[in-house]
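So the structure is just underneath, and the comments pick up after that.
The values are calculated or read from the model by the stated rules, or taken from the named source; none is laboratory data. Just so it is clear, the model here is predicted, and its values are computed rather than measured. Backbone-built Cβ (ideal geometry, glycine too); neighbour counts: all protein chains shown. Side chains are part of the model used for accessible areas, which takes the heavy atoms of the whole protein and leaves out ligands, DNA and RNA. Shrake-Rupley method; radii C 1.70, N 1.55, O 1.52, S 1.80 Å.
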Amino acid sequence: MADVQPPPLRSLDDFLLSSARFAVPDVRDLERWNHRVINNLLYYQSNYLLGVMGFLLLLGYFQPFQLFVGATVVTSLFLGFVWAAENQAPIRRFRRNHPLICLLAILLASYLFISVLGGVAVFLFGIAFPVLMVLIHASVRLRSLKNKLENKLESIGLKRTPMGLLLEALGQEQEE
């Protein structure tokens, strides 16, 4: 964990404005779409983190207790899932073969647990909306040469980033 390096914040021009190129992904080629999303998540992770944190801070200003309760529950469930997936072979195989189902199961379990405690709408909106925006951007943003180079350094292990570790924990290692 000591060799994990946060990547630089990408310029607004590169992230959203004039030099950014966008295209709707080909939904018939899911492997290529998945590859694009993973690579953009790795390349723009600092920008995504900044956007999510800004949204959560704004939401926390208006609903601090509900946000805290929700964050505690979802974090606990996520860590429990990662622990189970690392220590139980059938769960690990299921996670690798069905990552979307696993993510939805974590969110559903979080929803059910938080609904008993309250604060469902606050936290799930606080997480779901920014995650939706991140996934939409990662899906439609075309990769640049610099993006491809940075991702290659990540995939061969020369650089380790927080998003790389998160994707690895979710069973979404980058293909070399």
Protein-only accessible surface order, largest first, of Asp26, Asp14, Asp3 at 1.4 Å | Asp3, Asp26, Asp14
How high is the relative contact order of the range 28-165, in percent, with contacts defined as C-alpha pairs under 8 Å that are six or more residues apart?
-> 44 percent
For the chain, what is the convex hull (Cα atoms) projected area averaged across all directions, in square nanometres?
-> 11.2 nm²
The chain, dipole about Cα centre (Lys/Arg Cβ +1, Asp/Glu Cβ -1), debye to the nearest 20 | 200 debye
Potential lengthening between Ser18 and His35 on full extension [0.36 nm per residue; Cα-Cα distance subtracted] | 3.7 nm
Most fluctuating residue given options Gln66, Gln88, Gln45, as computed from a GNM of the chain linking Cα atoms under 10 Å | Gln88
Arrange the residues Glu31, Glu150 by how much accessible surface each exposes, largest first, with a 1.4 angstrom probe.
-> Glu31, Glu150
Farthest toward the dipole's positive end in the range 28-165, which of Ser110, Gly70, Asn34, given Cβ charges of +1 (Lys, Arg) and -1 (Asp, Glu) about the Cα centre?
-> Asn34
Using only the Cα atoms of the range 31-101, what do you get for the radius of gyration and for Dmax, in Å?
-> 15.8, 42
Output ³J(HN,Hα) for the range 130-140: one whole-Hz value per residue in order, computed from phi by the Karplus curve 6.51 cos²θ - 1.76 cosθ + 1.60 with θ = phi - 60°, and x for Gly and Pro.
-> x, 5, 4, 5, 4, 5, 5, 4, 5, 6, 9
With R₀ set to 41 angstrom, the calculated FRET efficiency between the beta-carbons of Leu112 and Arg143, to the nearest 0.05, is 0.65
Please arrange Val24, Val122 by accessible surface area, largest first, computed with a 1.4 Å probe and ligands excluded.
-> Val24, Val122
According to a simple spin-label model (label point 7 Å from Cα along Cα-to-Cβ), what is the distance in nm between Leu104 and Ile136?
-> 2.0 nm
So how tilted is helix 64-87 from the main axis of the chain? Cα-based, degrees 0 to 90, rounded to 10.
-> 70 degrees
Rounded to the nearest 0.05, what FRET efficiency do Leu9 and Leu166 have when you use their Cβ-Cβ distance and R0 = 25 Å?
-> 0.90
